[in-house]
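Here the structure is laid out as C-alpha cells; the discussion comes afterwards.
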Amino acid sequence: MRQMPSSDMVSLISFLAVLLIFFSIDVRSRVSSSPQPWHAHFFAWASRIGGVSTALSLTLGWTDLFLPDENSPIHTAFVAAPGSLGVLCAIVLGLEMLWQRFDST
C-alpha cells in the first residue's frame, strides 16, 4: 500500500470527522428497548461498530499527521482498514432508509 501524503491524510481525517458526527447522532437517536425486530438490532449494532471503527481510524490518522514521514509506526493500512469498515457501516445505515421506507408502506 502506498504512503499517503499529508494533504490526502487531512482530507481523509476531515471525512472521518464528519462520518463520526453522523454515527454519534445516529446512535443517540436509537431507542434501546428489547422487543425489537432483528433488523433494528442489526442497524443499531452497525451504527455502534461504525462509530467505534471511525473513531479509531480518525485517532490513528490524526496521530500519523504529527509523526515524521520516514519510519512512521502507523502504516496507511492501520488507518484505511477501520475507516473502510466505518464507511461500510455508513452504507448499511443508508440502506436502512430504504428498509424503513419499505416497512412504512
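The values are calculated or read from the model by the stated rules, or taken from the named source; none is laboratory data. These numbers were taken from a predicted model, which means no experiment stands behind them. Ideal geometry is used to build each Cβ from the backbone, glycine not excepted, and the neighbour counts take in all protein chains shown. Calculation scope for accessible area: heavy atoms of the full protein, side chains included, ligands and nucleic acids excluded. Shrake-Rupley method; radii C 1.70, N 1.55, O 1.52, S 1.80 Å.
Over the chain, what percent of the accessible surface lies on carbon and sulfur atoms, probe 1.4 Å?
Its accessible area is 70 percent carbon and sulfur atoms.
Between residue 77 and residue 38, take the C-beta separation as r, use R0 = 30 Å, and let me know the FRET efficiency to the nearest 0.05.
0.35
Can you give the calculated 222 nm mean residue ellipticity of the chain, where each DSSP H run of n ≥ 4 adds -39,500 (n - 2.57) and the sum is split over every residue, rounded to the nearest 500 deg cm²/dmol?
Details: 3 runs with 80 residues, N = 105.
So the helix-based figure for the chain works out to -27000 deg cm²/dmol.
Per residue, how much accessible area does segment 38-104 have with a 1.4 Å probe, in Å²?
In whole numbers, segment 38-104 has 63 Å² accessible per residue.
In whole Å, what are the Cα extents of the chain along the three principal axes, biggest one first?
Cα extents, longest axis first: 55, 23, 20 Å.
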